[in-house]
Amino acid sequence: MKKMIILQPEMCVGGVERVLLTLLKNLDKEKFDITVMLLNKNVWDDQIPKEIKIKYMFNKNPREYNSLFKRIYKYSRMFVPGKIIQKIFLKDKYDIYISFHEPMIYFLRGAKGKKVSWIHADYTIIDDITEIKQLGKRMSFLSKTILKKRVEALKNCDKIICVAETARKGFLNKFDIDEEKVVVRYNPNDIERIKSLANNNQKIQEEIKYSKDVINFCAVGRLSHEKAFERLISITLKLKNEGYLFHFNIIGDGPEYQKLEKAINDNNLNDYIHLIGYDANPYKYMSKSDFVICSSKFEAYSTVVTESIILGIPVIATECSGMAEIFGHTNAGLITKNNTEDLYYAIKKVLNDKKLRALMKLEAIERSKYFDTKRMVCEIESLLLE
């Protein structure tokens, strides 16, 4: 049995955390003795399976301490010798060390076991993180030094896992890392849980009505800049003015909630768009929809899009890392250029074409068979045990 520690900043309701929970639930406990180390306690920690040990670095999140402590924390993990990092923070020795979220990679410094870093980002669109030689004199000395430390930490890993082939290519293009170290493992999904929640009898908000007379669209995610939900409002306004009837449900919460709510009210779109807010079970809405829309400016490997296909719901998505890999060579999804206009034309296309809607539905159901939790977890286990 391999003793393994997984480092993650915190547990919350995001896609990365859902993937981690699926892994923790499905990894073979006869092969791995698993500890999860988090920065601090959180109300979401009870989602972690009971048989998994949990350790904490601090009494509260470093963001909540004063500015001096935050600076000490930020830079000490990069510059303090690795042996001290291990002695102060991790303390015990492990066979496998995993940084599941990239900021935790510095805590692998000084570790003696196998070191693995998960990359849940698409570096093809992250312009501010690139090779030092490309940025040259535009970077300050401190910024260059920090970036050097980051590259050193990445090179220190035995394996780096990207979540899509397009994400891997973007990563290798940005960092001078041995490409033999960088591999792809697709995120596993808890298919049994997703389908169970989609089919349960939880009451959907009474004001939300699913009419068979119109097309029902759904979008799920954090209401933040990168998800670009404002695109859906401008598209809806344009289609409304052209006489189309349809309905949008947007599930999620975040910093742009009030901005989106105001835009919906100002444009008299309340009969077209419903902001549902956060719901622990978005699947009950997704499963009743005709299409799920992903309007994101960037994704590494969209959890929501994958979950939609698992439920047999076709998708219209902007071009992001991993989208083509999720759909495979099927018509389960339409991928548009990453802008509002092309997304508008794709949505308009399915509104106009009943045969296309039927075809995409059938192919989404067929594509759902590709996703297999056990197979995907086994592929990850094999990599960890190499």
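Okay, here's what the table says:
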item: Matching residues in segment 49-68 - criterion: being over 19 Å from L90 (Cα atoms) and either assigned to a loop (DSSP other than H, G, I, E, B) or not hydroxyl-bearing (S, T, Y) (or both); result: P49, K50, E51, R63, E64, Y65, N66, L68
item: Leading residue by the ranking (farthest from Y244 (Cα to Cα)) among those in segment 342-386 that are within 21 Å of the chain's Cα centre (by Cα) and among the hydroxyl-bearing types (S, T, Y); result: T373
item: Y285 being in a helix (DSSP H, G or I) and more than 21 Å from D372 (Cα to Cα); result: yes
item: Contacts under 6 angstrom Cβ, first residue in segment 240-261 being more than 24 Å from K349 (Cα to Cα), partner exposed (fewer than 15 other Cβ atoms within 10 Å of the Cβ) and β-branched (V, I, T), 6 or more apart; result: none
item: Candidate set: segment 309-318, residues that are in contact (Cβ under 8 Å) with a residue 40 or more places away in the chain and within 17 Å of the chain's Cα centre (by Cα); chosen: the one farthest from S296 (Cα to Cα); result: I310
item: Of all residues in segment 317-348 being among the hydrophobic types (A, V, I, L, M, F, W, C) and closer than 11 Å to S295 by Cβ, the one that is modelled with the lowest pLDDT; result: C320
item: Segment 1-15, residues that are within 27 Å of D253 (Cα to Cα), hydrophobic (A, V, I, L, M, F, W, C) and buried (at least 20 other Cβ atoms within 10 Å of the Cβ); result: L7, M11
item: Residue list for segment 350-375, filter: farther than 16 Å from V292 by Cβ and of a type outside the set (A, V, I, L, M); result: N352, D353, K354, K355, E366, K369, Y370, D372, T373, K374, R375
item: Matching option when the condition is surrounded by fewer than 24 Cβ atoms within 10 Å (Cβ to Cβ), within 16 Å of A228 (Cα to Cα) and assigned by TED's automatic domain parsing to the domain that holds D213, among D342, D266, D353, D279; result: D342
item: Selection count where residues are closer than 17 Å to I88 by Cα and surrounded by 20 or more Cβ atoms within 10 Å (Cβ to Cβ), scope segment 16-36; result: 1
item: Selected residue [more than 14 Å from L223 (Cα to Cα), within 23 Å of the chain's Cα centre (by Cα), charged (D, E, K, R) and surrounded by fewer than 23 Cβ atoms within 10 Å (Cβ to Cβ)] from K297, K288; result: K288
item: So R231, is it of a type outside the set (D, E), in a helix (DSSP H, G or I) and crowded, with 17+ Cβ neighbours inside 10 Å; result: yes
item: Residues of segment 319-355 satisfying the condition of being free of Cβ contacts under 8 Å to residues at least 12 places away in the same chain, closer than 21 Å to N216 by Cβ and in a helix (DSSP H, G or I); result: Y345, N352, K354, K355
item: Unmet requirement for Y278, which otherwise passes all of (1) closer than 19 Å to Y186 by Cα; (2) at pLDDT below 95; result: (1)
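This table checks each residue for (1) at pLDDT 90 or above; (2) surrounded by 18 or more Cβ atoms within 10 Å (Cβ to Cβ); (3) in contact with a helix residue (DSSP H, G or I) (Cβ under 7 Å, 6 or more places away or on another chain).
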residue: C162; (1), (2), (3): yes, yes, yes
residue: E165; (1), (2), (3): yes, no, yes
residue: F175; (1), (2), (3): no, yes, yes
residue: D178; (1), (2), (3): yes, no, no
residue: P188; (1), (2), (3): yes, yes, yes
residue: N201; (1), (2), (3): no, no, no
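The values are calculated or read from the model by the stated rules, or taken from the named source; none is laboratory data. Since the model is a prediction, treat every value here as computed from it, not as a measurement. With ideal geometry, Cβ positions are generated from the backbone for all residues, glycine too; neighbour counts draw on all protein chains shown.
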